[in-house]
Amino acid sequence: MGSDPRTEVRRRSRGAAAIVGAADLVSPTGELDGSTRRLEAQAIQAALDDAGLTMADVDGIFACTGGTFMPSIELAEYLGVQPSWTDATQTGGSSFEVLCEHAAAAIALGHCDVAVIVYAATPKSSFKKGGPGFGGGAQRAAALAGPVSPMVEWELPFGMRAPMGAYALAASRHMAMFGTTPEQLARIAVSTREWATMNPRARLRDPITIADVLASPYEASPLHKLDCCLVTDGAGAVVLTSAERAADCAKGGVFVLGTGTSHTHSMISAMPDLTVTAGAVSGPRAFDMAGITAADVDVLETYDSFTITVLLALEDLGFCAKGEGGPYVADGRLGPGGARPANTNGGGLAYTHPGMYGMFLLVEAVRQLRGECGPRQVPGAEIAVAHGCGGVLSSTSTVVLGTEATR
Amino acid sequence: MSGADPGPRRRFEPPVGDSGEPFWAATRDQRFVLPWCRRCGRAHWYPRERCPHCGGMDIDWREAEGRGLVHAVSVMPKPALPMMAEMVPYTVALVELADGPRMMTNIVADDPWAVAVGDPVVLIWEPLSDGRHLPVFRLEG
Ligand SMILES: [Zn+2]
């Protein structure tokens, strides 16, 4: 990677853009009032307030959900914004890391000056009202609505529960190849829940044990219910601007030091290697651009749709060797006081998960680097990584963020 | 199987997409065919009009072995669709075919929990309501 001449080109924009505003809307009940459009507007306003900026400053719109089929255009119209950069890239749960990468690049190249990235979804309250919610039902309905897709023709007849069945297949393969155990996967859920007990805004706050995870029913073997993320309502927004302008913002900037994105497949049956995600590409690209190694990371916010998602990311990002994720997490190092603090808000497993969790990775990473996290603050955090994973282990995007001192 | 009433549908019956017609047509005679690329000589799955290995556009549908190894497996304790309720618990697996490609399927077994990665499996056909058949597998022996 270091020998790639384009790495030098990308390094020119290291730290050129910063996140200056971050906000999220969640509830311990898991439900929020209001339309998704209203929640988007609320989240954007809160993030702009956080930055000390106004809607009149916004000239970059980044939205991949909401509205119908032109999300960024429909949102900009609703907000009354005429942008100079528009972006609606949809890569599933990693979308917000991808959009952060695009926003930072657009700002570095002068295409826009103040970028807003937003997300809102209400699958929990929508399901209660008779809607499809998120996951299997919603995805299947969408798949059946269009022309015949490969998924409908070659996967749907076999009845894999989506999305958990896809992740279960990856877990099955990892266990067979490397001897990873259900107890080791469960340890990830236990460590994440330890963080959630320290977050009054988390959906699930009671501590759990490995035995609790293993005693919870299978959703798709070898994954138990407590290996799986929540389904909640939620919304969030981040605001980015140039490093120069960040200095004038209310809380300064959290700088985008490096980014990387890749994807390997759309359907789980087409995943080239069930034990290696695109993180093995996106992670090193982001770290190379930032000029860091895994050892330099103080806080890791990594997508936890399922416990196996975290395990694969730890290996692919180089926190441990391929196949060694099980023993690596077994000592509880991901939890409070551990050597590798991860998912410090309680993650998708216990904090919130409206379907595309990547937004909340960014928000928590910003809060950690600003020192705003109270009892769950990782002391002296200077470098944080937000690592999104979308689809069925399909797409990953890695964002390295740092404080002013790391620029 | 022809003419036999398969009874109420127990699963979602796949529509035929742009590239799958030769596969589904062969299943009417319980023939298992795969798309081979005439340029690189490799089979691929799922069927495409362009070889994903080399980009070749000359695809040759040929009879395949119908055996392989369980590459990954998961037991569904709940049905993915309500119509599959009577099938639970059932396995969803990826099978590494002897001819190369990997495909999603089910392993039909008395004890689905006992199906393991690495188990050798052989193709069996499950009738669909329109005369086509769905490729599923059972443990060898
Ligand atoms: Zn070829």
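The values are calculated or read from the model by the stated rules, or taken from the named source; none is laboratory data. Computed from a predicted structure; not experimentally measured. Positions of Cβ are backbone-derived with ideal geometry, glycine not excepted, and every protein chain shown enters the neighbour counts.
A:Pro157 meets all of the listed conditions (1) within 14 Å of another protein chain (Cβ to nearest Cβ); (2) surrounded by fewer than 22 Cβ atoms within 10 Å (Cβ to Cβ); (3) in contact with a Pro (Cβ under 6 Å, 6 or more places away or on another chain) but one, namely (2).
Kindly check whether there is at least one residue in the range A:288-302 that is in contact with a Phe, Trp or Tyr (Cβ under 6 Å, 6 or more places away or on another chain), at pLDDT 95 or above and closer than 21 Å to A:Asn345 by Cα. Yes, the range A:288-302 contains at least one residue that is in contact with a Phe, Trp or Tyr (Cβ under 6 Å, 6 or more places away or on another chain), at pLDDT 95 or above and closer than 21 Å to A:Asn345 by Cα. Looking at the range A:299-313, can you tell me whether even one residue there is surrounded by fewer than 24 Cβ atoms within 10 Å (Cβ to Cβ) and either in contact with a strand residue (DSSP E or B) (Cβ under 9 Å, 6 or more places away or on another chain) or of a type in the set (A, V, I, L, M) (or both)? No, the range A:299-313 contains no residue that is surrounded by fewer than 24 Cβ atoms within 10 Å (Cβ to Cβ) and either in contact with a strand residue (DSSP E or B) (Cβ under 9 Å, 6 or more places away or on another chain) or of a type in the set (A, V, I, L, M) (or both). Of everything listed in (1) among the small types (Gly, Ala, Ser); (2) surrounded by fewer than 18 Cβ atoms within 10 Å (Cβ to Cβ); (3) in contact with a helix residue (DSSP H, G or I) (Cβ under 6 Å, 6 or more places away or on another chain), the single unmet condition for A:Gly279 is (2).
Out of curiosity, is A:Ala168 within 14 Å of chain B (Cβ to nearest Cβ) and touching a Ser or Thr at 6+ places or on another chain (Cβ under 6 Å)? The answer is yes for A:Ala168.
Being in a loop (DSSP other than H, G, I, E, B) and within 14 Å of chain B (Cβ to nearest Cβ) is the filter here; which residues of the range A:217-251 pass it? Scanning the range A:217-251 gives A:Pro217, A:Ser221, A:Pro222. Looking at A:Glu31, A:Glu77, A:Glu97, just one residue is surrounded by fewer than 21 Cβ atoms within 10 Å (Cβ to Cβ), part of a helix (DSSP H, G or I) and not β-branched (Val, Ile, Thr), and that residue is A:Glu77. Here the range B:23-58 is the region considered, the condition is being surrounded by 14 or more Cβ atoms within 10 Å (Cβ to Cβ), away from every other protein chain (no Cβ under 13 Å) and more than 9 Å from the ligand (Cβ to nearest atom), and the residue that is nearest to the chain's Cα centre (by Cα) is B:Phe32. Could you tell me whether the range A:364-374 includes any residue that is polar (S, T, N, Q) and within 15 Å of A:Thr309 (Cβ to Cβ)? No: the range A:364-374 contains no residue that is polar (S, T, N, Q) and within 15 Å of A:Thr309 (Cβ to Cβ). Going by the structure shown, is B:Ala80 more than 16 Å from the ligand (Cβ to nearest atom), crowded, with 18+ Cβ neighbours inside 10 Å and part of a loop (DSSP other than H, G, I, E, B)? Criteria met by B:Ala80.
Within the range B:31-43, residues that are of a type in the set (A, V, I, L, M) reach partners that are near the ligand (Cβ under 10 Å from one of its atoms) and in a loop (DSSP other than H, G, I, E, B) with beta carbons closer than 8 Å, at six or more positions or on different chains, in the pairs B:Leu34/B:His44. Taken over the range B:71-107, the residue count meeting the criterion of being at the interface with chain A (Cβ under 7 Å from one of its Cβ atoms) and of a type in the set (Val, Ile, Thr) is 4. Residues of the range B:89-109 include none that is basic (Lys, Arg), under 18 Å from A:Pro150 (Cβ atoms) and within 16 Å of the ligand (Cβ to nearest atom). In the set A:Thr54, A:Thr68, only one residue is at pLDDT below 95 and over 20 Å from A:Val98 (Cβ atoms); that residue is A:Thr68.
State whether the residues of the range A:136-149 include one that is assigned to a helix (DSSP H, G or I), more than 7 Å from chain B (Cβ to nearest Cβ) and either surrounded by 24 or more Cβ atoms within 10 Å (Cβ to Cβ) or modelled with pLDDT of 95 or more (or both). Within the range A:136-149 (the criterion being assigned to a helix (DSSP H, G or I), more than 7 Å from chain B (Cβ to nearest Cβ) and either surrounded by 24 or more Cβ atoms within 10 Å (Cβ to Cβ) or modelled with pLDDT of 95 or more (or both)), the answer is no, since none of the residues qualifies.
Being assigned to a loop (DSSP other than H, G, I, E, B) and polar (S, T, N, Q) holds for only one residue in B:Ser74, B:Ser129, and it is B:Ser129.
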